[in-house]
Amino acid sequence: MFAKFLSNVAFRGAWLVCLYGAFFLCFITFVWYIAGYTERGWAFFRTNVGFLLAKQDFVKDWVWMTAFYFHITSCILCLLVGPFQFVGYLRRKYKALHHFAGKLYIFSVLGAGVPSGFYMALFANGGLPAQAGFVVLSVLWLVSTYLAYYYVRQGNFKAHMAWTARSYALTFSAVTLRFWTPVLSLYTDMPHDLIIALTAWINWIPNLIITELIIRYAPKRL
């Protein structure tokens, strides 16, 4: 019964994934507006706002700042491109666009997102537990994205879609991280460093668990 339930609710057609993608477009547009067009955020290269307030020891380090901008830009691109890769209708009707978007996603992850994320993980707030969480995330993001590319080159499209789903689940940690941090800060009495360390792990582990359930019980929905 549980398997049937998952099969019915997970990726219930192209319209749901399109809605999912549209939501992300609105979400990223909203974030970009608040961060940039109000002239209060990193989009205007300000270093005294948001996340950067906690990284004032690094804002004058051009290597770290370069990694930061590479990471932010690549994550936004991947979040926008990713959902549409799961729409079967678009894959069949617009194959060239699907291939281009897939290459763009893979290049963004492997060429920018993973290297910059791994570097920034080494300096994460929250000490060694948090740094370890983000390092593991970076490694898994690298492996899952590479395997998605490897299997599509081998013509194993079932494995390709499974690993693409895992890769996007890890990409989506950029959103869930920004969910868990304020929730734990507002509704628990945990010390700040403990919250940072905890969110370094729970921002991606539940994503992978949900994705594995979908792959196992509703693979045809991918």
**Q.** Residues located in the range 120-139, provided they are within 17 Å of Glu212 (Cβ to Cβ) and surrounded by fewer than 18 Cβ atoms within 10 Å (Cβ to Cβ)
**A.** Val136
Q) Only one of (1) aromatic (Phe, Trp, Tyr); (2) surrounded by 18 or more Cβ atoms within 10 Å (Cβ to Cβ); (3) within 22 Å of Ile210 (Cα to Cα) fails for Phe157. Which number is that? A) (2)
Q. With respect to the numbered conditions (1) modelled with pLDDT under 75; (2) closer than 24 Å to Ala169 by Cβ; (3) basic (Lys, Arg), which one is the sole condition not fulfilled by Arg92?
A. (1)
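Looking at the range 95-149, which of its residues are part of a helix (DSSP H, G or I) and of a type in the set (Phe, Trp, Tyr)?
Residues satisfying the conditions are Phe100, Tyr105, Phe107, Phe118, Tyr119, Phe134, Trp141, Tyr146, Tyr149.
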Q.
Considering only residues that are within 19 Å of Cys78 (Cβ to Cβ) and either under 14 Å from the mean Cα position of the chain (by Cα) or hydrophobic (A, V, I, L, M, F, W, C) (or both), which ones fall in the range 116-134?
A. Ser116, Gly117, Phe118, Met120, Ala121, Phe134
**Q.** Residue pairs meeting the criteria (Cβ under 6 Å; at least 6 apart or on separate chains; first β-branched (Val, Ile, Thr), in the range 87-104; second at pLDDT below 90)
**A.** Val87/Ala14; Val87/Val17
(Q) Could you list, ordered by first residue, the pairs with Cβ atoms under 6 Å in which the first is in the range 149-166 and in contact (Cβ under 8 Å) with a residue 60 or more places away in the chain and within 19 Å of Asn207 (Cβ to Cβ) and the second is among the β-branched types (Val, Ile, Thr) and assigned to a helix (DSSP H, G or I), at least 6 apart or interchain? (A) Ala162/Ile215; Ala165/Thr211
**Q.** Condition check for Arg178: surrounded by fewer than 16 Cβ atoms within 10 Å (Cβ to Cβ) and within 17 Å of Ile205 (Cβ to Cβ)
**A.** yes
Q) How do the pairs read when you match residues in the range 119-148 that are among the polar types (S, T, N, Q) with residues anywhere that are crowded, with 17+ Cβ neighbours inside 10 Å and not in a helix (DSSP H, G or I), using Cβ under 6 Å and keeping only pairs 6 or more apart or on different chains? A) Gln131/Ala124
Q) Does Lys60 fit the bill of being exposed (fewer than 15 other Cβ atoms within 10 Å of the Cβ) and modelled with pLDDT of 85 or more? A) no
Q: For the range 59-90, enumerate the residues that are farther than 18 Å from Arg166 by Cβ, part of a helix (DSSP H, G or I) and not aliphatic (A, V, I, L, M).
A: Trp62, Trp64, Thr66, Phe68, Tyr69, Phe70, His71, Thr73, Gly88, Tyr89
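The values are calculated or read from the model by the stated rules, or taken from the named source; none is laboratory data. These numbers were taken from a predicted model, which means no experiment stands behind them. Neighbour counts run over all protein chains shown; Cβ positions are idealised from the backbone, glycine included.
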